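Every read-out reported here was derived from the displayed coordinates using simple, explicitly stated rules and does not represent laboratory data. Please read these numbers as outputs of a predicted model, since none were measured by experiment. Cβ sites come from the backbone with ideal geometry, for glycine too, and all protein chains shown count toward neighbours.
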Amino acid sequence: MRSSLLPNPNFTLDFVLAEFKIIPVGVELWISSFINPGALIVLGLTGLFSLLLSWLGYTFAIRRLSLSALGFLGFSLMLAIVNSVSEAFAYEAFWHQVQVREISWFGLCCAGVALGAGCGRMQQSAAPVITLLIAGILSLVCAGSTVVTMTGTWISREHAWNSGAAPEPGIADIESKWVRDSWEKLADFRGTDLRK
């Protein structure tokens, strides 16, 4: 991204305007971090567990949990924007966005607990409770199948991993020219082989 938008960055008005074009990339990443099937699983499981705990007599500060969820999600939005702008100066990599997804996950957990605790307080209608129970059971099934799939992928890639480089398609590592050049200089300085 940096090489196409900012090949020779100078702090001019054009440079600043180019940075504003990158902000939607961060917002898109932020939205994708909590609008996906995994987010539904997190909401379902945390909602189910907090519902069960509320039936056992535990109480939750629903307002505080809701505000915490909003705080985590708001902070992850700001971090996503900052990361996308900083990638314009360096390089794109999936690990630059890990914190955004982690903080969004904390926000989703708080929201799920608040949702489950809120349903636990609703004694008048069984519909929200039944809906949450079904969502929680489906989330358990989905989470279990995800673990099985992940384990199968590990086992199938074990031979490639043990025999050398085992790249995963779609995950860029050191493919930008700037990073590749830096890696070659470091490998030459250390006297080690280049990573393939």
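Before moving on, here are some points about what is shown:
- Highest mean first, the peptides 61-71, 80-90 sorted by other C-beta atoms within 10 Å per residue fall in the order 80-90, 61-71.
- For segment 93-108, backbone phi angles converted through the Karplus equation (6.51, -1.76, 1.60; θ = phi - 60°) give residue-by-residue couplings of 7, 5, 6, 5, 9, 4, 5, 4, 5, 5, 5, 4, 4, 4, x, 5 Hz, Gly and Pro being listed as x.
- Distance in nm between pseudo-label sites at residue 190 and residue 78 (7 Å out along the Cβ direction from Cα): 3.6
- With θ taken as phi - 60° and the Karplus curve 6.51 cos²θ - 1.76 cosθ + 1.60 applied, the whole-hertz 3J(HN,Hα) list for segment 142-151 is 5, 5, x, 5, 5, 5, 5, 5, 4, 5 Hz, x standing for glycine and proline.
- Each of the peptides 50-59, 183-192, 34-43, 103-112 was scored by the mean count of other Cβ atoms within 10 Å over its residues; in descending order, highest first, they stand as 103-112, 34-43, 50-59, 183-192.
- Based on the Kirkwood approach, the hydrodynamic radius assigned to segment 17-100 is 14.8 Å, with every pair of different Cα atoms included.
- Taking only the C-alpha atoms of segment 96-149, the Rg (one decimal) and the largest Cα-Cα distance, Dmax (whole number), read 14.3, 46 Å.
- Overall form of segment 53-166 per C-alpha gyration tensor (a/c, 1.5; a/b vs b/c): oblate
- Neighbours of residue 76, meaning other residues whose beta-carbon lies under 10 angstrom from its beta-carbon, give a summed charge of 0 when Lys and Arg score +1 and Asp and Glu score -1.
- A simple rule links phi to the HN-Hα coupling: the Karplus curve 6.51 cos²θ - 1.76 cosθ + 1.60 with θ = phi - 60°, which for segment 51-59 gives 5, 4, 5, 5, 5, 7, x, 6, 10 Hz, with x for Gly and Pro.
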